[in-house]
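Enquirer: Have a look at this one.
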There are 2 protein chains.
Amino acid sequence: MNPIISSSSRLNQEALAGLQAIFGDRFSTAQSVREHHGRDESFYACMPPDAVAFALSAEEVAATAALCNAHRIPLIAFGAGSSVEGHLLAVKGGLAVDLSRMNRIVGIHAEDAIAVVEPGVTRTQLNNALKDSGLFFPIDPGADATLGGMAATRASGTNAVRYGTMRDNVLALKVVTADGRIVSAGTKAKKSSAGYDLTRIFIGSEGTLGIITELTVKLYPLPEAVSAAVCSFSDVEHAITAAMRIMQNGIPVARIEFLDSHAVHCINVHCKLALPAHPLLLFEFHGSESSVEEQAEATRLIVNDHYASGFEWATRPEERSRLWTARHQAYFAILHSRPGARIMTTDCCVPISRLADCLLAARRDCEINGIRHAVIGHVGDGNFHVLMLVDPEDADETSRAEKANTSLVNRALEMGGTCTGEHGIGLHKIPFMAKEHSEDALDMMRSIKRAF
Amino acid sequence: MNPIISSSSRLNQEALAGLQAIFGDRFSTAQSVREHHGRDESFYACMPPDAVAFALSAEEVAATAALCNAHRIPLIAFGAGSSVEGHLLAVKGGLAVDLSRMNRIVGIHAEDAIAVVEPGVTRTQLNNALKDSGLFFPIDPGADATLGGMAATRASGTNAVRYGTMRDNVLALKVVTADGRIVSAGTKAKKSSAGYDLTRIFIGSEGTLGIITELTVKLYPLPEAVSAAVCSFSDVEHAITAAMRIMQNGIPVARIEFLDSHAVHCINVHCKLALPAHPLLLFEFHGSESSVEEQAEATRLIVNDHYASGFEWATRPEERSRLWTARHQAYFAILHSRPGARIMTTDCCVPISRLADCLLAARRDCEINGIRHAVIGHVGDGNFHVLMLVDPEDADETSRAEKANTSLVNRALEMGGTCTGEHGIGLHKIPFMAKEHSEDALDMMRSIKRAF
């Protein structure tokens, strides 16, 4: 299915010796280790690197980059392996440098609401470390991704509607460049106008401009009160229209997630829940006690206008946790609904006024092409995912899924949107780069790549 | 005072003819027009360009860029002329392209909370146009700057503590490159992970990478309720410490401004007010009626802990307007307090925990060097301005002011801060680029400049 064939190993004896000298027994060419690093959560078949090195420091990463640069060996940064777009596949072989052991929390500066972390720190690891600080790190892409990987793909997720994306929440970076320099970008100040925004250049560059070895991220005070709410709709259109109106009314929801009836069915089975198998909106509100109550009430009025049923309001942590655990399980719940299938996911993001049209048309694309699917979405940002269940052995089905994907992405672009709101380009969205960006814009990106 | 001497005109006959062909009577070499375009609000003496062209379209800007590129003529984009760092001075002569007549509001998409504008649109013009939409554009640097200029300098101001800076509020740009191409960056979607963040590369690039000819900016629903509050402190330290605690407690203030007693005195005189001539914090709260009340009450408790007096809470629009007009007049009120003087301003931004130390030490730098000054600050962001009143004819005083400036900027950098939070580098902060950024980081910036 993946049309790109790995070339034979580029690791000559000299490179091998160099890497062994840097990493000792943290360097491996074992089949199982390579295979583990040759796949992600995308539908692509495994495409292992020629070798894997487990880095412990920026200096090791820098030495590795210099060595790989000298020997023209492709170098892939590997974190949690939770990409859904094939970022991590070694399409040209080469070395995977696994950063998951660089997972030290370098410092938590509670009084400045910032944390300095190594790239292998995951979001739950950071939030666990923050437990007694009264602070939290909000960005939540669902998977327990590493912060390095999240920055590299400009990730976001459920909380982005309130707290922004990785673009907005990284103050500073340390990055190893292709030629093995360790460069700092940004400061610990909340804002700066001093020169080009190098930090933002690396965020979303997907490892093509350098490897992130340290991040300084923003933290937020834990809200005084948190509540969740859930309600069902008779159809998708009502659910999405309600979500659009909630945003247009400026209700500062912390999360507003959509699940279609298929997604609800799957999480009911997977998580032993009994949610009504209808399109559903799931909310979280953050603020003071009274503000959370106000937000929930304002939301209730809008969803009721759209014939929502069962607006249920959960303030108890265990109830909230049950709902959000189910939401976080949605990807795997949907995956497990068809044994042997893989998920081809879409990631369109459009201006909020076009969301209902775009999402409904995307569902039709799947129906026309006979593709089983479920839709979940961070609808407050105009961002949704069609999770297409595809048998990777079935070439015809895969090609029909690709057809549906192409059709719905093109439509999102025509609506002024983007081919990827938060997953990144990886392998699967490469064909859409030239549709989303003008040739001049792509030229600029290429010239940045060359310059670095 | 400005050490850089303009070279003689680079506009040869061919270039002159080309520009006249593009602009007709919107092209001028008149002394008065050139002088108007050779100064800004900084303390630098006038340094006029060789000619001025008033552009009406991106195509004219593109043709101008191509022509200037071919003839190696320096090209300076001019908006409102409100820079305080000497951005606009024609240090090497050349052409100023005045974009203030490119002030069309291309579209207001209320349902998506975005506006598309030409670069000469000012923030008050945009907010006037939004009057009946229920939306507003929050970024407010004080001056009625153009949005193009604000994006080019990554501006922010009083509301940034709640709504972010220009970095966070521009979704898409059209930019004319040095060689005269018109390039689009970004989409109308709220977020995207599709490729390098070209939009953020141009924001803060101060005209060195291209000229912005169109911006798509985020708008926000007008808050249901707005209130302002003001209180005085016995000394600067108590005021700043209170501000730090308010931020650390996560109170979502929309503005939190500091003025020292000299600044208060100046605005009392200039605006005929009778505020107590003590260090002062000025707040604005946005939200629902009850949330605004809650925020004000939480703030009152903290400032009272720091012996604030006269916590006055203004919900009536005219009272608020009176207070904020005074704040916006502060720069000119301070300037007018010493006839003939110009202001040399600093713009440090530090992690909030270091703000009191940094600001107090900055005042001492001025005192040691015998420089009259006032301090105002967007203290919620850790950002403050020391406005040094300098007689531009007095070389000794100017040099003592530079000494104070150097000392206080260096300290901010040592504290993990930046030499400019929102004004940009311009001419005056150039020496600090190499102190704030490593040689490798500067190298990267240079390589981006070369690549573009």
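The values are calculated or read from the model by the stated rules, or taken from the named source; none is laboratory data. It should be emphasised that the depicted structure is a prediction, and the values quoted were computed from it without experimental measurement. Note that we place each Cβ from the backbone using ideal geometry, even for glycine, and neighbour counts take in every protein chain shown. Accessible surface is based on the protein model in full, side chains and every heavy atom, while ligands, DNA and RNA are left aside. Shrake-Rupley method; radii C 1.70, N 1.55, O 1.52, S 1.80 Å.
Enquirer: Using the 7 Å Cα-to-Cβ label point, sort the distances from residue A:395 to its equivalents in the other copies shortest first and give them in nm to one decimal.
Expert: Label point to label point, same position, other copies: 8.3 nm.
Enquirer: Roughly how many Å is it from the Cα centre of the range B:301-325 to that of the range B:214-265, as a whole number?
Expert: The range B:301-325 and the range B:214-265 have Cα centres spaced 10 Å from each other.
Enquirer: Further question: Taking θ as phi - 60°, what are the ³J(HN,Hα) couplings along the range A:237-250 by the Karplus curve (6.51, -1.76, 1.60), each to the nearest whole Hz, with x for Gly and Pro?
Expert: Once rounded to whole Hz, the list reads 4, 4, 4, 6, 4, 4, 4, 4, 5, 4, 5, 5, 7, x.
Enquirer: Rounded if a/c is under 1.5, else prolate if a/b beats b/c, else oblate: with a ≥ b ≥ c from the C-alpha gyration tensor eigenvalues square-rooted, which is the range A:387-443?
Expert: Since a/c reaches 1.5 and a/b is larger than b/c, the shape of the range A:387-443 is classed as prolate.
Enquirer: Still on this structure, I have one more. Reachable aspartates and glutamates from residue A:92, Cα under 18 Å, same-chain residues fewer than 8 places away excluded?
Expert: A:35, A:40, A:50, A:206
Enquirer: Let me check against my output: what whole-number percent is the relative contact order of chain A, with C-alpha pairs under 8 Å and at least 6 apart?
Expert: With pairs under 8 Å counted, the relative contact order is 14 percent.
Enquirer: I'd like the mean, over residues of A:346-354, of how many other protein chain beta carbons sit within 10 Å of each residue's own Cβ.
Expert: So the per-residue partner count for this stretch is 5.
Enquirer: Go through the range A:364-391 and flag every residue whose accessible area shrinks by 20 Å² or more with all protein chains in place compared to the isolated chain (probe 1.4 Å).
Expert: Residues passing the criterion (a loss of at least 20 Å², heavy atoms only) are A:381.
Enquirer: Probe radius 1.4 Å, ligands and nucleic acids ignored: give me the carbon and sulfur share of the accessible area of the range B:1-125 as a rounded percent.
Expert: Here carbon and sulfur together make up 51 percent of the probe-accessible area.
Enquirer: Suppose we compare each residue of the range B:228-250 in its chain alone and in the full protein complex with a 1.4 Å probe; which ones drop by at least 30 Å² of accessible area?
Expert: B:248
Enquirer: Excluding ligands and nucleic acids, what accessible area in Å² is computed for residue B:190 using a 1.4 Å probe, to the nearest 10?
Expert: Surface open to solvent at residue B:190 totals about 70 Å².
Enquirer: How far, in nm, would the chain grow between residue B:434 and residue B:316 when pulled straight, counting 0.36 nm per residue and subtracting the alpha carbon separation?
Expert: The span from residue B:434 to residue B:316 would gain 37.7 nm if fully extended.
Enquirer: Same structure, new question: Label point 7 Å out from residue A:70 along Cα-to-Cβ: which residues of the range A:46-63 have amide N under 11 Å?
Expert: Counting backbone N atoms under 11 Å from the label point, the list is A:63.
Enquirer: I would also like to ask the following. Hey, how many Å between the Cα centroid of the range A:383-452 and the Cα centroid of the range B:125-149?
Expert: 35 Å
Enquirer: Something else: What FRET efficiency would be calculated for the residue pair residue B:399, residue B:35, taking the C-beta separation as r and a Förster radius of 25 Å, to the nearest 0.05?
Expert: Plugging the Cβ-Cβ distance into 1/(1 + (r/R0)^6) gives 0.45.
Enquirer: Which residues, if any, in the range B:68-116 have at least 50 Å² less accessible area in the whole protein complex than in the isolated chain, probe 1.4 Å?
Expert: Buried by the other chains: B:111, B:112.
Enquirer: What base-10 log of the normalised intensity I(q)/I(0) is obtained for the protein assembly as shown from the Debye formula, alpha carbons as equal point scatterers, at q = 0.11 Å⁻¹?
Expert: Relative scattering, expressed as log10 I(q)/I(0), comes to -1.40.
Enquirer: Using only helices, what value at 222 nm comes out for chain A when you add -39,500 (n - 2.57) per DSSP H run of length 4 or more and divide by the total residues, to the nearest 500 deg cm²/dmol?
Expert: Working: 17 runs with 171 residues, N = 452.
The per-residue figure over chain A is -11000 deg cm²/dmol.
Enquirer: Further, regarding this structure: Would you mind calculating the relative contact order of the range B:100-205 from Cα pairs under 8 angstrom and at least 6 residues apart, reporting the percent as a whole number?
Expert: On the way: 157 pairs, mean separation 20.3, N = 106.
Across the range B:100-205, relative contact order equals 19 percent.
Enquirer: How much FRET efficiency would the formula 1/(1 + (r/R0)^6) give for residue A:178 and residue B:57, where r is the Cβ-Cβ distance and R0 is 51 Å, rounded to 0.05?
Expert: On the way: r = 40 Å, r/R0 = 0.79.
Computed FRET efficiency for residue A:178 and residue B:57: 0.80.
Enquirer: When only C-alpha pairs under 8 Å and at least 6 residues apart count, what is the relative contact order of the range B:1-142, in percent?
Expert: This gives 23 percent for the range B:1-142.
Enquirer: Going by average Cβ density within 10 Å per residue, which order do the peptides B:379-388, B:132-141 take, highest to lowest?
Expert: B:379-388, B:132-141
Enquirer: I would also like to ask the following. Where a ≥ b ≥ c are the square roots of the eigenvalues of the C-alpha gyration tensor, would you call the range A:7-122 rounded, which needs a/c under 1.5, or, failing that, prolate if a/b is larger than b/c, or oblate?
Expert: On the way: a/c = 2.38, a/b = 1.39, b/c = 1.71.
It comes out oblate by the Cα gyration axes.
Enquirer: Ranked highest first by the average count of other Cβ atoms within 10 Å around their residues, in what order do A:392-402, B:252-262, B:202-212 fall?
Expert: Peptide ranking by packing, descending: B:202-212, B:252-262, A:392-402.
Enquirer: Evaluate peptide B:133-140: per residue, the Cβ atoms of other protein chains within 10 Å of its Cβ; return the mean as an integer.
Expert: 1
Enquirer: When ligands, DNA and RNA are left out and all protein chains stay put, how many square angstrom of accessible area per residue does chain A have with a 1.4 Å probe?
Expert: The answer is 36 Å² per residue.
Enquirer: Counting only protein heavy atoms and using a 1.4 Å probe, what share of the accessible area of the range A:322-452 belongs to carbon plus sulfur, as a whole percent?
Expert: 52 percent
Enquirer: Calculate the FRET efficiency for residue A:300 and residue A:325 from the Cβ-Cβ distance with a Förster distance of 30 Å, rounded to the nearest 0.05.
Expert: The computed FRET efficiency comes out at 0.80.
Enquirer: I would also like to ask the following. On a 26 Å Cα-Cα criterion, which of the cross-link pairs A:449/B:174; A:188/B:174; A:188/A:429 come out too long?
Expert: Correct reply: A:188/B:174; A:188/A:429.
Enquirer: Let me know the charge dipole size of the range A:371-452 about its Cα centre in debye, to the nearest 20, where only the beta-carbon of Lys, Arg (+1) and Asp, Glu (-1) is charged.
Expert: 220 debye
Enquirer: Same structure again: At 7 angstrom along the Cα-to-beta-carbon line, where would the label on residue A:414 sit relative to the other copies? Give the distances in nm, shortest first.
Expert: Spacings between copies for this position, smallest first, are 6.2 nm.
Enquirer: Order B:372, B:450 by their accessible area, 1.4 angstrom probe, all chains in place, largest first.
Expert: B:450, B:372
Enquirer: A further question follows. By the gyration tensor of its Cα atoms, with a ≥ b ≥ c the square roots of the eigenvalues, what is the shape of the range A:328-387: rounded for a/c under 1.5, prolate for a/b over b/c, or oblate?
Expert: It is oblate, given that a/c is not under 1.5 and a/b is not larger than b/c.
Enquirer: Interface size between chain A and chain B, please: total buried accessible area, 1.4 Å probe, rounded to the nearest 100 Å².
Expert: So the total buried area for this chain pair works out to about 6000 Å².
Enquirer: Write down the Å³ per residue value for the convex hull defined by the alpha carbon atoms of chain A.
Expert: Working: hull volume 65.9 nm³, N = 452.
With only Cα atoms used, chain A gives 146 Å³ per residue.
Enquirer: What does the average come to when, for each residue of peptide A:141-154, you count the partner chain Cβ atoms lying within 10 Å of its Cβ? Mind showing how you got there, number by number?
Expert: On the way: counts 0, 0, 0, 0, 0, 0, 0, 0, 0, 0, 0, 1, 1, 7.
Mean number of neighbouring Cβ atoms from other chains: 1.
Enquirer: So if each residue of separation counts as 0.36 nm, and I subtract the Cα-Cα distance between residue B:447 and residue B:110, what length gain in nm does that give?
Expert: Length gained between residue B:447 and residue B:110: 117.4 nm.
Enquirer: Right, here's the next one. Relative to the other copies, what are the label-point distances for residue A:430, with labels 7 Å from Cα along the C-beta vector, expressed in nm at one decimal and sorted shortest first?
Expert: 4.4
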